[in-house]
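First comes the structure, then the notes that go with it.
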Amino acid sequence: MPINIQSLFTEHEGNRYDLHTHYLNEQMVRVLKTIGYNVRFTKASGQYLHDHSGAKYLDLLSGWGVFAIGRNHPAIKDALHQVLDAELPNLVQMDVSPLAGLLAKRLLRYAPYMEKVFFANSGTETVEAAIKFARAATGRSAIAYCGHAFHGLSYGALSLNGDTIFRQGFEGFLNDCRQVQFNDLPALEAALKSRDVAAFFVEPIQGKGVNISDDTYLQEVQALCRKYGTLFVADEIQTGMGRTGRFFAVEHWNVEPDILLIAKALSGGHIPVGAVLTRKWIFDKLFNRMDRAVVHGSTFAKNDMAMAAGLATLAVFEEENIVRNAAIMGARLMEKLSALKQRYELIKEVRGKGLMIGVEFGAPTSLKLKMAWSALEAANAGLFCQMITIPLFKEHKILAQVAGHGSYTIKLLPPLIITEDDCNWIAGAFEATIAEAHNLGAVWSLGKTLAGHALQARKTG
Ligand SMILES: Cc1ncc(COP(=O)(O)O)c(C=O)c1O
């Protein structure tokens with residue numbers, strides 16, 4: 001009897017939290033229940049999610065950025081069905097896939113200064129590959145990276161992670177990884193000067209915190225890297241593929257890195273994938289002899305499902321003008337959210353490019369708000385954003401996230417297909433929630449409850 005996935009889902013979806021508590025990550029279930037996100041999503045389409053009661057939500061996480069073209073896009077579903085129906089000779093290993101060749105060729109159109117592509121199965125795998133490419137190409141071993149950087153959680157990528165929360169307890173990282181602060185050029189030059197650094201990894205806009213490169217930063221980074229013989233690696237796993245209103249975010253700064261990393265949105269969200277775009281001389285230093293033809297790789301990389309999904313995704317990008325929509329809707333949203341900043345002192349800054357936007361909150365100046373803010377900070381620093389994201393979710397059906405542990409910035413990372421109406425939905429929801437915070441409404445008692453939970457968790461943890 002063939003397995004019936006739909007009925008398995010329907011039968012067990014009400015039981016999902018128990019299943020995860022017993023067999024998977026219990027802490028995740030506790031988080032969801034504590035903040036009231038245990039609404040049991042049962043359906044998804046485009047930029048919207050539906051919970052078991054039928055309520056519709058606007059998704060500003062897009063699966064951490066993978067659903068740039070929206071969930072369950074018919075073109076991706078169709079491409080995947082076609083791969084299965086065609087009974088293609090997938091993953092022969094002692095052959096090469098035409099679909100992978102085509103996807104590489106089409107991807108390189110977006111970065112004509114690049115010549116080669118290496119496919120992987122995730123973002124972090126592209127980072128691991130880039131470390132190896134850089135070491136092989138330069139004969140050096142040190143790597144430079146930024147404070148607050150996030151490049152993934154496997155060991156090479158974790159060695160380049162700029163936040164203690166991810167590193168603590170996992171020590172024993174790659175040797176000689178040098179952290180410099182983002183946007184700090186003198187520190188970068190000091191790190192590169194000894195001419196032993198293989199590569200500098202940087203996100204054009206940091207995912208943790210939505211920190212944006214200063215106007216001339218990446219140009220100077222490129223110049224310093226060239227001067228000291230270090231490869232310039234742009235991690236565009238989050239910022240790439242239209243997210244910032246250009247296909248690659250580096251285009252905003254007119255730079256041409258030596259290595260570009262993408263993943264997330266490349267397969268339309270359905271199949272894990274990642275891609276390293278680089279120059280031929282770098283590629284050829286690693287794959288330099290026949291007996292080293294498989295010196296780096298991964299069993300599932302270049303699989304036909306991922307490649308077909310990638311080809312279909314790029315076709316959707318062109319047909320639906322995805323990058324242009326991200327630029328236009330991003331500008332509209334920034335305008336609407338920036339207008340709120342004029343009216344609400346709790347908003348410190350609204351920043352972003354395209355549809356990667358951060359709304360940063362900060363200590364208010366008026367006496368009544370100052371007292372409430374200080375009390376919450378004293379109970380649990382960095383909790384404020386949850387007082388905004390929880391009502392956004394519960395009352396306004398907006399799914400959004402805080403841009404990192406203890407961050408004061410809420411990150412908006414919606415599918416790139418959002419509409420003017422969606423922008424109004426977002427702005428209206430932010431306004432209502434922030435206005436309530438300004439009027440010392442219910443969000444502050446929510447804050448107290450959350451602080452209590454946090455205290456309890458620290459005690460029991
Ligand atoms: C900039 C950046 N690099 C790397 C990664 C890691 O990608 P993955 O989770 O697919 O391993 C992420 C994931 O969020 C990311 O945002």
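The values are calculated or read from the model by the stated rules, or taken from the named source; none is laboratory data. No experiment lies behind these values; they were computed from the predicted model shown. No Cβ is skipped: glycine too gets one built from the backbone with ideal geometry, and neighbour counts run over all protein chains shown.
Quick one: which residue in Ala265, Ala331 is assigned to a helix (DSSP H, G or I), away from the ligand (no atom under 16 Å from the Cβ) and of a type outside the set (Lys, Arg)? If you could, list the steps in order and put the result at the bottom.
Values: Ala265 fails: away from the ligand (no atom under 16 Å from the Cβ).
Selected residue: Ala331, the only one of Ala265, Ala331 that is assigned to a helix (DSSP H, G or I), away from the ligand (no atom under 16 Å from the Cβ) and of a type outside the set (Lys, Arg).
Exactly one condition in (1) surrounded by 23 or more Cβ atoms within 10 Å (Cβ to Cβ); (2) away from the ligand (no atom under 15 Å from the Cβ) is false for Ala187; which is it?
(1)
For Ala306, indicate whether it is touching a helix residue (DSSP H, G or I) at 6+ places or on another chain (Cβ under 6 Å), assigned by TED's automatic domain parsing to the domain that holds Ser213, in a helix (DSSP H, G or I) and among the small types (Gly, Ala, Ser).
For Ala306, the condition - touching a helix residue (DSSP H, G or I) at 6+ places or on another chain (Cβ under 6 Å), assigned by TED's automatic domain parsing to the domain that holds Ser213, in a helix (DSSP H, G or I) and among the small types (Gly, Ala, Ser) - is met.
Six or more apart or on different chains, Cβ under 9 Å: which pairs go from a residue in segment 102-126 that's not assigned by TED's automatic domain parsing to the domain that holds Val294 to one that's within 16 Å of the ligand (Cβ to nearest atom) and among the hydrophobic types (A, V, I, L, M, F, W, C)? Could you list them?
From segment 102-126, no pairs qualify.
Determine which member of the set Gly441, Gly428 is closer than 19 Å to Phe393 by Cα and in a loop (DSSP other than H, G, I, E, B).
When all the criteria are applied, what remains is Gly441.
Only one residue in Ala149, Ala144 is under 17 Å from Gln206 (Cα atoms) and in contact with a helix residue (DSSP H, G or I) (Cβ under 6 Å, 6 or more places away or on another chain), so which one is that?
Ala144
For segment 326-360, name all the residues that are under 18 Å from Gln401 (Cβ atoms) and of a type in the set (Ser, Thr, Tyr).
Residues satisfying the conditions do not exist here.
Looking only at helices (runs of 4 or more DSSP H) that fall completely inside segment 92-194, which ones have 2 or more residues that are among the charged types (D, E, K, R)?
In segment 92-194, the matching helices (runs of 4 or more DSSP H) lie at 98-108, 123-138.
Assess whether Tyr217 counts as being in the same structural domain as Tyr113 (by TED's automatic domain parsing), over 29 Å from Trp64 (Cβ atoms) and in contact with a helix residue (DSSP H, G or I) (Cβ under 8 Å, 6 or more places away or on another chain).
On the way: in the same structural domain as Tyr113 (by TED's automatic domain parsing): yes; over 29 Å from Trp64 (Cβ atoms): no; in contact with a helix residue (DSSP H, G or I) (Cβ under 8 Å, 6 or more places away or on another chain): yes.
Here the answer is no, as Tyr217 does not meet what is asked.
Residue by residue through segment 187-207, note down the ones that are of a type outside the set (Ser, Thr, Tyr) and farther than 30 Å from Ile357 by Cα.
Selection gives Ala190, Ala191, Leu192, Lys193, Arg195, Asp196, Val197, Ala198.
Please work out if Gln82 is surrounded by 15 or more Cβ atoms within 10 Å (Cβ to Cβ) and of a type outside the set (A, V, I, L, M). Before you say what the answer is, go through the steps one by one.
Details: surrounded by 15 or more Cβ atoms within 10 Å (Cβ to Cβ): no; of a type outside the set (A, V, I, L, M): yes.
Considered against the rule, which asks whether it is surrounded by 15 or more Cβ atoms within 10 Å (Cβ to Cβ) and of a type outside the set (A, V, I, L, M), Gln82 comes out as no.
Can we say Leu337 is assigned to a helix (DSSP H, G or I) and in the same structural domain as Ala55 (by TED's automatic domain parsing)?
Numbers: assigned to a helix (DSSP H, G or I): yes; in the same structural domain as Ala55 (by TED's automatic domain parsing): yes.
Answer is yes for this residue.
Under 7 Å by Cβ, and 6 or more places apart or on different chains, what pairs join a residue from segment 254-268 that is without any contact (Cβ under 8 Å) to a residue 12 or more places away in the chain with one that is more than 14 Å from the ligand (Cβ to nearest atom)?
none
Would it be correct to say that Gln222 is of a type outside the set (Ser, Thr, Tyr), farther than 25 Å from Pro414 by Cα and in a strand (DSSP E or B)?
No.
Quick one: which strands (runs of 3 or more DSSP E) lie wholly within segment 30-69 and hold at least 1 residues that are among the aromatic types (Phe, Trp, Tyr) and more than 21 Å from His12 (Cβ to Cβ)?
Where strands (runs of 3 or more DSSP E) fall fully within segment 30-69 and carry at least 1 residues being among the aromatic types (Phe, Trp, Tyr) and more than 21 Å from His12 (Cβ to Cβ), they are 48-51, 56-59.
Need the failing condition index for Asn161 against (1) more than 19 Å from Arg140 (Cα to Cα); (2) more than 15 Å from the ligand (Cβ to nearest atom); (3) surrounded by 14 or more Cβ atoms within 10 Å (Cβ to Cβ), just the number.
(2)
Can you name the residue in segment 228-241 that is assigned to a loop (DSSP other than H, G, I, E, B) and away from the ligand (no atom under 15 Å from the Cβ) and, of all such residues, is surrounded by the most Cβ atoms within 10 Å (Cβ to Cβ)?
Ranking the qualifying residues of segment 228-241, first place goes to Thr230.
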